[in-house]
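Heads up: the structure comes next, in C-alpha cells.
Read the figures in this text as sums done on the coordinates, not as results from a lab. All values reported here derive from a predicted model rather than from experimental measurement. Positions of Cβ are backbone-derived with ideal geometry, glycine not excepted, and every protein chain shown enters the neighbour counts.
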C-alpha cells in the first residue's frame, strides 16, 4: 500500500491510499472504514488496523476523493524521534572533504522542521544558503532494541522520501550539525509511506535523484549505501530503543549544492523534486520566511 496523511478542504485530517489505475484519485481509508484511525502514526502500530486498511483499499465500496482537493501532511507528523545519518555515501563524504567514515555521523531532527509534499520549504530570513539533500526515509512500526541483521527489517512499517534541507552556514557554525538541520519547514517528507511488500528488502538497488527546476543535481543508487537499512537499524538499536512512528533518514549522495563550483543554493520560486525508484516523487517549492 501507498499510504499518506492529509487534510481536506474542511480541515478534517485523514489517512489516504493511492488508488491504482486512477492517478488523480485516492481512497479515503477513514471514510471507507470509520474504525480506521485518522493518524497514520497510530495506524501502523496495529496489525489489525493495517489489515482493515488493506481491506478498505480492496473494497468495491471504497470512498474515493480527488488528490487536488487535499493538502499533504508529512506521513508521520509528530515523530517521537527523527534520526538522521550523514556521510552514508562515500562519494558525498569525499566531496565534502571527509575520509570514508568508519561509523555514520548521526544527528537528530525535530518535528517542527518538517514540511509535506507540495508544501513549501522555507528559506529562513537569516541565511541564503539553503541546500537540498535527496534521502531515503523509513518509518518504524514496532518497538525495537538490540536487533540483528536477520531481524532488523521486521521493525520497518514502510519507506518514504526526504529532502534534508540544510542551512549550510549554520551547519558549520559548530562541530555538531543539529542547528543547521532544524530550521522550521526545511525537511520535506513524503508524499507516501510505501509498505515493505511493494519494495525490495531494505530498498536495496533503487535509483535516487534530486532535481532543481528540472535539472538533475544528484543521481545515485541505494546499493551504494555504506550502511544499508538493516545495518543502520542494528547500529541505532544498540544505542537507543526505536519506537513506532520514529523516522530514520539514511543520508544523501554526492551532488549537493554547497560542493559545486560555484555553489548552488535553493531560492524562492525554485521547485525541488526528490525521486526514488518505486517509491515516488516528493516535490516542493521554495519560499522565503
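Nearest 0.05, what FRET efficiency do residue 224 and residue 125 give at R0 = 45 Å with Cβ-Cβ as r? Calculated transfer efficiency: 0.80. Using equal-weight Cα scatterers in the Debye expression, the normalised intensity of the stretch 1-127 in log10 at q = 0.14 Å⁻¹ is -0.75. The calculated 222 nm mean residue ellipticity attributable to helices in the chain amounts to -3000 deg cm²/dmol, summing -39500 (n - 2.57) over DSSP H runs of n ≥ 4 and dividing by all residues.
Rg/Rh, computed from the Cα trace of the stretch 214-260 with Rh as the Kirkwood radius, has the value 1.09.
Peptides 190-197, 28-35 ordered by packing proxy, namely the average of other Cβ atoms within 10 Å per residue, highest first: 190-197, 28-35. Rounded to whole Å, the principal axis extents of the Cα atoms in the stretch 2-73 read 30, 25, 18, largest first. With Cα atoms as the point set, the radius of gyration and Dmax of the stretch 176-245 evaluate to 15.0, 41 Å.
Across the stretch 102-260 the C-alpha pair distances fall into 5 Å bins from zero in the proportions 2, 9, 17, 22, 21, 16, 9, 4, 1, 0 percent.
Each of the peptides 136-143, 62-69 was scored by the mean count of other Cβ atoms within 10 Å over its residues; in descending order, highest first, they stand as 136-143, 62-69.
Mind pulling the angle between the C-alpha long axis of helix 47-58 and the longest principal axis of the chain? Nearest 10 degrees, somewhere in 0 to 90. The helix 47-58 is inclined about 70 degrees to the chain.
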